[in-house]
Structure formats: C-alpha cells, structure tokens
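Notes to accompany the following structure.
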C-alpha cells in the first residue's frame, strides 16, 4: 500500500477526451491502492485548498467519466507567475500539498501546465517537501512539443473532417440554385493543426475543402477571391475552411478587424462572416458560414478511437511514472510507424516541453498555401481513425456522467487568489 | 410488370435523411419492377429534361444512399408560379413526363413542393396525361401540416440537443475563470421547432439550456439581459439557444439589424454574435457563441433512428401509394401513442398540406417564454430516440456514397428556365 495521496488537476481549454485521461488516472491509482484527490477548477482549487475526494465516486461513475466530454472537476485559465514574481503562491501550493499528504501531483494541460508542474517540483525540493510532478498532455491545439500528437486533437480533427464532409454534401446538392460558397471557421489561433485536419475530408482536386486558410499564411484578399472564383467556375461551388487565427498583411486578426454588431459595439470573433461578406461584396455569390466554436472541442459523440486510446494511455502512464518515482516528466506519444500506425508512451522531461509551441511544419502546407501535403495526410490520417462513441441512453442522448465532486475538508486558513 | 416509369425529385433545403427516403423509393420501386428516374437539381431538372437513370446504380450504392446526407440527385430552391401565371411551364413538365413515359411523380419536399405536386396532377388531367403525383414529406423545419412530424426534423433535433449537452459540459468546466455565457444559434426562421428541441438537453431548473429564444416570442432586450444575469448569478453560467428567426419589437430580424463586417459591408446572419455583443456590452460577461448552420442539417453521423425509420417509411409508402393508383396524396406520419411511442403511415390529401405552415403550438412554450413545456417534451422526446449512425470506413470517416447519376438521353428540344 502506497503512502500519501495523488492530486490531479485539469488546466486550460477542455477537450472531448480530457475526462478519459482523468478516468485512467483514477482507475490506475485505485488499482495501486492510491487515493486520488482532484483540484476543483484546476490550479485555482489547489491554491484555495478546494479539493475533491474522487474515492467517493463509484467504479461505474469513473467508467462513464471516460466517455464524458468537458472537464469533470473544472478547469481554469490561470497561469502562475514566475517563482521570482510570486514565491508566496508556490509556497501556498506546497502548504496545501503537505497538509493533505499529497505526494504526487498530476497536471493535465498544455505548455503552461507543463511549466507550472515543472516549477512546483523545483519549489517543493527547495522547501523541503518532496513532491513528484507529472505533466499529462492535453490540448485540441496539438501544439505541445516533444509528443507526436496531443490527446484532444484527434477528436477535434475527426469532428472537423466529418463536418466538412457532411456540409459539403449539403452544398453540392444545392449550389445550382442556392449557396455557392460555404465557409467553416475552426479553432487554432496560433497554429493551423485543426484547419489542416479539415483537409482529410477529401483528396481529389475538386474535393472539399477547396481552400484552407492557415494562420501561418498571411491572408491575401485578391488571391483568395481569385481562388474562390476559379473554384466556383470549375466545381460549381467552393468550400473554405478558415482558421480563427487568420491575419492580414498588417498582422491583424481578421476576426478582430473592426466588425460592428447590430448594437454598434465592436465585435470579436468571426473570420467566417468577414470572409463571407467579402465574397458576397466582391464576387456576388450566395454564401453560408458556420462557426462551431465549443461544439468542435466537446464533440465526444464523434470522438476518434485513436484519441480515446491515447488519452487513456497517458493518464495510466502518468500514474505509473509517479508511483515508480519519476519526477518532472510527461508521458508523451511516440509514433513508431505510420503504416500500420503504431505508437507507444514514453517519459519526456517537462523542461523540454514547458513553454514551447509546436508549429504546423511548413512541409505540411501545400506550396500554393491553400491545402495540405501528402506528408500532412500521413501524419494526420491515423489520428482520426476509429470511432469511440459514448454509450447512449433510451432518451437518444449520450449517457454523460455528473460526478458528486465531494469536497475534502479544509485544513488551512482561507487563501484568496489575487491577480485574476 | 408495371408499365411506365417513376420520377423522383428532391426539393428545398436538404436534410440528414432525405437520401434515406430516396433509397426507400428506389428500393421499393425495384421490388415492384418499376424503373426510377430522378430529376437532377429537383424540379429544375424535370423542366430541363435533365433526368438521371437510377437503374445504373448498384444495389450496394442504393443501400449506402440510405446513410448519406445531402441530396444525392441535387435539390433546388425554385417555386413554380401559379398555373395562371405560367401555364407554359406546367405544359413543359407534362411534355417531359410524357416523353419519358413517366406515370408517377414523387416530389420530396415541404409545403411548396406539396403545392407543386398537387398542381401538376391537376394540369396533367387537363392536358390529357394521367400522372399520379405523390408528395413525400421532408424538412428540418418540421412545419408541414397534417403529418405529426417531418422526416429530417428528428435528426436536427437530436444534433441540437446533443450539441447543447456537450457544449454545456464544456462551459460548466470553465466558467469560474472563463466563458460565462454561451449562445448557440439554430435554424428555424419562422417556427421554433429546432430551438424547442434544444430543450431536451436538460430538464432541471439549472440545466442547460437556461434560455431558449423562440421566433414566436418578440425579443425583449431588458428582460433577456435580466434573465442572463440572474442565471449567471445562480448557476455560474448561462447557456442560451437562439433561433435565427428572432425578431425585435419593430419586427426586424436581429440577424439583419445592420451588422457591419470588417470590410464595412452590411452583413446578414448572426443572431448569436449580436446577442453575445449585447451581453458583453451590458453585463460584461465573457462569452462564446456557435452557429452550426449547415452542419446541423447534414449531421447524418448523429441522426436519430426514429427519423431514419420514418424517412424510409414515407419513401416506401409513397411508391406503394403511387402503384396502388393513389394521386395527389402524401404519406404522413400519424402518432398513435406517446408512451410507448407508436406511429404509422397514412395517406393525406396534398390539398390539405399545400402552402400551410405548422407553427409551434403556444402550449409548447413555457409561460415565461424562455423554455419548453411538458407537452413539448412529450411530443419531441421520441423523435430523437435511437441512433442511426452511418457505417464508417477504415479512414475514420463515414462511408458516404457518391452516385454515378447517369443522364437519360434527352428527347425534347432544349428548354431554358426563366425567372430565376
């Protein structure tokens, strides 16, 4: 029987499979006789000593958790400052860990979280409290360094390719007398991974998506319009996938370029409507546009099996690494073969992952800038393979679980998180 | 062996299951030894003598068609004028039907299509050409009269409830430090059926969606803001479902109330961003919004089994009615029991369906105007039950079929469709 407890926290934007990782963490720890606490609302809960006792959840609830989107314990957008800037905050974290005999801290997130986990392990050592910190990868943006891909990305990639495929069939049916240009806006403010995944919806020269607009490529209005026109004249219609992070030559986000709403307020968000209006004004084509926003990252019903399996595997490995005495590492996905697709989990130092951002390689973007290459397909294709649909209830909706999230009794004085 | 051929045409906006009806029509006709032609791009193809010989498609292709979204033969938005206004156009239709020995015409669409089918049967009689016209119901809007529900609606209803459920779990995980108000815009310009279906995502007082904005209820800015504020203060976050057809007290669509895009052009579409900006300006809450547009009506991957079964049943019945000598009728869905849900197909006169619009009953909208009643749940719940996911390929995407759509040789002089 291991001594001490394990603390698990979710960080940043949630995904369709972050709870799959959570379920794997809890399931694996239970098999090793280790009690798991979860921080409510991520690192904020750890700072506030707002902890959840996951041992109050049934085995059935934890099984269902593996198929439930969102972040079951709450997540947050909160980046700890550097140790130099706010040493007291790190000291508070160590106080909370010590008060509850927490010996292992698993932080499930992206670059920032890897950095935080790394720092906590260092501070613990400096303050005489041994805490093993394991980063657990998660992000729809797929921008984590070292790991071949990130749990969460495969499912949003599948949802995006699937949505483009389906909507394109709709447009193909109607373009003769209706919509000629359809624009789908996808997430990815800094890197075009999700936009690239849309390319899996088709592979022929006339297959949708006909144009992908990557954040890596400066938006050129004239060239874009010429492409749309040529596509409509050749194919009859044009399906465009645009990354929310698209920028013009002045470096401004198209989505923030001064749109005014019905109430006269400056409006954020919406590359798709901006492009649609441009197409209408300059080319006169009837358009439709879609912006799935959170729907894309919470679409557990359309999750990829590869993604589900990897999300589970990193959770399981994180606990095994922790209990084996590893520290300041992250279980990453190592691709050992493209065809057949094979992968394994291996530990990588958090120091190599923290604060790095993996960009879409230039070799993944077609020379003309509007599509993906064969290399991109080789990389992306296995990530959307297989279906991992949740069990459905008699009501026709997935059986998503709501946990009890029973609070652990506090032992320390109240702490207010400043600088929010 | 029956004499003559059957012509099938798709009309108006396509759905996730209109091809299921098409597959049922072809499958049933084949079993009766009747050859099916399809009009390319709906009634436009019938006018232009642009016909497709479906006998060139394999049995496997027709089986796959039943699981493929979009309109496989092309659809159109084109309403024939009245007989008085354009008798020549009706005469042309009869010429085409006669030239190809078409004895049965099945028109798969909504109110307008029922009207067109009705008129063609009358004109045929007047011109001495016996043509049996059967309307086949289809519309995501669920606004057809007489039938209990419309094939196509159950699947968009399921997609909408599912999307609200999933996105709400996302918002629930993050609201403490991120998005507090999430707005989903759904289709339904004139009737709030799809918005109402979102209500199936939850049933408790604090369950999402917290507010549904129906096109039947005039938008009241102050009352809406007060509700959003109260919900955020009570629940922590607020999920709003807004119909695209929402109007203000002046009777203007909110989506068309003068939005200007980044390029300074007037912009159509977007109740969700307008509401989001209002919430931000007046209440200061962080928001996100989604507008799935065509994704909602082409989401075959999330289709309802009830809907799939009904789409098949109306196609099968339409052929059986035609071959049994019925004319100017539509197979409609008759609900015989709520619990257990039971339904049957029965013929209804097109004259009773043509040009009528079924509104959301006032008894389905909660007295406060922001939610659905128990009566609405009783009606809606069975329509989203059961899953009818398409078969998937090894690539992780549904195996949607593309038909050959082989053209039938023309026999008549060219005809140009005017007044487009």
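To the nearest whole number, what is the average tally of beta carbon atoms from other chains within 10 Å of the beta carbons of peptide B:283-292?
That works out to 4 on average.
Note on segment A:191-210 and segment B:162-220: Cα centroid distance 30 Å, given to the nearest whole angstrom. Summary for residue A:352: label point 7 Å along Cα→Cβ; distances to the equivalent points in the other copies, ascending, 7.3 nm. Here the calculated FRET efficiency for residue B:281 and residue A:88, from their Cβ-Cβ distance with R0 = 51 Å, stands at 0.90, rounded to the nearest 0.05. The angle between the Cα long axis of helix A:87-99 and the longest principal axis of the Cα atoms of chain A comes to about 60 degrees, rounded to the nearest 10. Normalised by the number of residues in chain A, the mean separation of alpha-carbon contacts (under 8 Å, six or more apart) gives a relative contact order of 23 percent. For segment A:333-420, the square roots of the Cα gyration tensor eigenvalues, ordered a ≥ b ≥ c, give a/c of at least 1.5 with a/b no greater than b/c, which places it in the oblate category. Compared with the dominant principal axis of the Cα atoms in chain A, helix A:305-323 is inclined by about 20°.
Inter-copy label distances at residue A:249, shortest first and taken from points set 7 Å along Cα to Cβ: 4.8 nm. Among the residues of B:301-307, the average count of other protein chain beta-carbon atoms within 10 Å of the residue beta-carbon is 3.
Based on C-alpha pairs under 8 angstrom that are at least 6 apart in sequence, segment B:153-297 has a relative contact order of 30 percent.
Note on chain B: GNM, Cα springs under 10 Å; of B:206, B:307, B:115, the largest mean-square fluctuation is that of B:206.
For segment A:330-382, what's the relative contact order in percent, using C-alpha pairs closer than 8 Å and at least 6 residues apart?
26 percent
Residues considered: B:394, B:324, B:117. Largest GNM mean-square fluctuation over chain B, using C-alpha springs under 10 Å, is found at B:394.
Computed from the Cβ-Cβ distance with R0 of 45 Å, the FRET efficiency linking residue B:126 to residue B:256 stands at 0.60.
The fewest-to-most ranking of A:213, B:323, A:184, A:278 by surrounding Cβ atoms within 10 Å reads B:323, A:278, A:213, A:184. Segment B:222-259 and segment B:116-133 have their alpha-carbon centroids 47 Å apart. How would segment B:1-140 be classified by its alpha-carbon gyration tensor: rounded, prolate or oblate, with rounded meaning a/c under 1.5 and the a/b versus b/c comparison settling the rest? The shape class here is oblate. Neighbour counts of other Cβ atoms within 10 Å put B:190, B:301 in the fewest-to-most order B:190, B:301.
Sorted from shortest to longest, the distances between the residue B:225 label points of this copy and the other copies are 3.8 nm, with each point 7 Å from Cα along the line through the beta carbon. Report summary: the helix-based calculation at 222 nm, which adds -39500 (n - 2.57) for every DSSP H run with n ≥ 4 and divides by the residues of the protein assembly as shown, gives -10500 deg cm²/dmol.
For helix B:153-174, what angle does its Cα long axis make with the longest principal axis of chain B, in degrees from 0 to 90 and rounded to 10? Taking Cα atoms only, the helix is inclined about 20 degrees. Largest mean-square fluctuation among A:19, A:86, A:248, in a Gaussian network model of chain A whose springs join Cα atoms under 10 Å apart, belongs to A:86. One Cα centroid belongs to segment B:40-64, the other to segment A:355-420; the line between them spans 42 Å.
Using only the Cα atoms of segment A:37-81, build the gyration tensor, take square roots of its eigenvalues as a ≥ b ≥ c, and label the shape rounded, prolate or oblate: rounded if a/c is under 1.5, else prolate if a/b is larger than b/c, else oblate. Oblate, because a/c is 1.5 or more while a/b does not exceed b/c. Listed from fewest to most Cβ neighbours within 10 Å, the set A:330, B:174 follows the order B:174, A:330.
If I take R0 = 60 Å and measure r between the Cβ atoms of residue A:222 and residue A:3 in this structure, what FRET efficiency does the formula 1/(1 + (r/R0)^6) give, to the nearest 0.05? Before the final figure, lay out the partial values.
On the way: r = 67 Å, r/R0 = 1.12.
For R0 = 60 Å, the calculated efficiency reads 0.35.
Per residue of A:3-15, what is the mean number of Cβ atoms on other protein chains within 10 angstrom of that residue's Cβ?
On the way: counts 0, 0, 0, 0, 0, 0, 0, 2, 0, 2, 5, 7, 1.
The mean count of partner-chain Cβ atoms within 10 Å per residue comes to 1.
Values quoted throughout were computed directly from the atomic coordinates according to the rules given, and no laboratory measurement underlies them. Every value quoted in this text rests on a predicted model; they were computed, and no experiment measured them. So basically every Cβ, Gly included, is an ideal-geometry build from the backbone, and we count neighbours across all protein chains shown.
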